[in-house]
1. What is the chain's relative contact order, in percent, from Cα pairs under 8 angstrom and six or more apart in sequence?
2. For the chain, what does the helix formula give at 222 nm: sum of -39500 (n - 2.57) over DSSP H segments with n ≥ 4, over the residue count, nearest 500 deg cm²/dmol?
3. Tell me which residues come under 5 Å, amide H to amide H, from Val381 once H is placed; ignore anything under 5 positions away on its chain.
4. May I ask for the angle, rounded to the nearest 10°, between helix 183-200 and the longest principal axis of the chain, with both axes built from Cα atoms and the value confined to 0 to 90°?
5. Would you mind calculating the relative contact order of region 258-358 from Cα pairs under 8 angstrom and at least 6 residues apart, reporting the percent as a whole number?
6. Report, by chain and number, residues whose modeled amide H sits under 5 Å from the one on Ile386, excluding near sequence neighbours (fewer than 5 apart, same chain).
7. Of Ala139, Leu273, Leu116, which is farthest towards the positive pole of the chain's charge dipole, taken about the Cα centre with +1 and -1 on the beta-carbons of Lys, Arg and Asp, Glu respectively?
8. How many angstrom lie between the Cα centre of region 262-287 and the Cα centre of region 176-197?
Amino acid sequence: MVGGPTKGTEFRPVSFNTPKPLFPLAGQPMVHHPISACKRMPNLAQVFLIGFYEDREFALYVSSISNELKVPVRYLKEDKPHGSAGALYYFRDLIMEDAPSHIFLLNCDVCCSFPLPDMLEAHRGSGGIGTLLVIKVSAESANKFGELVADPITKELLHYTEKPETFVSDLINCGVYVFTPKIFGAIQEVSTHREDRANLRQVSSFEALQSATRSLPTDFVRLDQDILSPLAGKKQLYTYETMDFWEQIKTPGMSLKCSALYLSQFRFTSPHLLASGDGSKSATIIGDVYVHPSAKIHPTAKIGPNVSISANVRIAAGVRLISCIILDDVEIKENAVVMHAIVGRKSSIGRWSRAQAEGDYNAKLGITILGEAVTVEDEVVVTNSIVLPNKTLNVSVQEDIIL
């Protein structure tokens, strides 16, 4: 599930020119991580990306990832938002083309290790129609998510409530599911039930107007409120708890944190993607760093930990990079420092300049963001600030949003 341009507004300004699912984390588009996890499943038939971005925005990525992973990846554009369960149902004929025994549903803006084989094994043992990935979080943060109660022995989902006002449980829904095709019947029931209710509503025109604004379209079905909550406690849905990392990627600050999580995961899954260097013939690399093969980096630069460098980046002598995402075609000149920051495509950072922040991933100005084609001139310091695209900074700024 990749959503659409009306979603992810908190992700601006980095999503102005790149759909959020294609924003790079650890050097790979956000959506690449769940797709790679699917690829590790034996007998994988197809990967569908479902959303309401324009087809052209995904065309290039879909063709390159299909070739790279040797698995068919297709982008399916909704005619309008149908909700996560509704979208699944809307494309049910295409999804069932290969008569799959199981269907994984993954949300693109989730960062985790995607333990799909373990989930499938647990799901097969339960005999239900679906299993959802869950994780324990602090009691203070639980109400930002879907909270749930599961049987400690059987792992059956007993109760589910989306973002409750009072504390229910410290177990939350991770937005990763495996279903049998029976899920389509459950979604259809919700739609049919809604249609029946709409037809039965023989009330005065004023009441009808009020209830019409309250009721959802029959083909808009949310997975959490419309499927998980009603099916909880009916021996239909089960849970699989992950002990690994999990985050939701709602803001650019969180993308920097998640990039670090994926980079550290590469040590176990894809060590060949991590850069190395000791400062003699190539730059000094500290910790987990991804460098695109086309990037040019001076041997006296010092990079890491948690740095991701995209295509055609040029990094001059004496540069220091810490905890940052550098996008395509960026130039960083001599002795500049970038720390806890995202540097947009085609931007330039001058000599002895700094783009830096304190690295509070949850705060609005906790990281510094330079939008596309921003020029920071020599000896300018940008601290805890957001700079919108196509700006030139010739004076230092602190805790500011440059429009």
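1. 12 percent
2. So the helix-based figure for the chain works out to -7000 deg cm²/dmol.
3. Arg354, Ser396, Val397
4. 60 degrees
5. Relative contact order, region 258-358: 17 percent.
6. Ile369, Asp400, Ile401, Ile402
7. The residue sitting most towards the positive pole is Leu273.
8. Going from one Cα centre to the other spans 46 Å.
Values in this text are rule-based calculations from the coordinates and carry no lab data. Keep in mind that what you see is a predicted model, and the values were worked out from it rather than measured. Backbone-built Cβ (ideal geometry, glycine too); neighbour counts: all protein chains shown.
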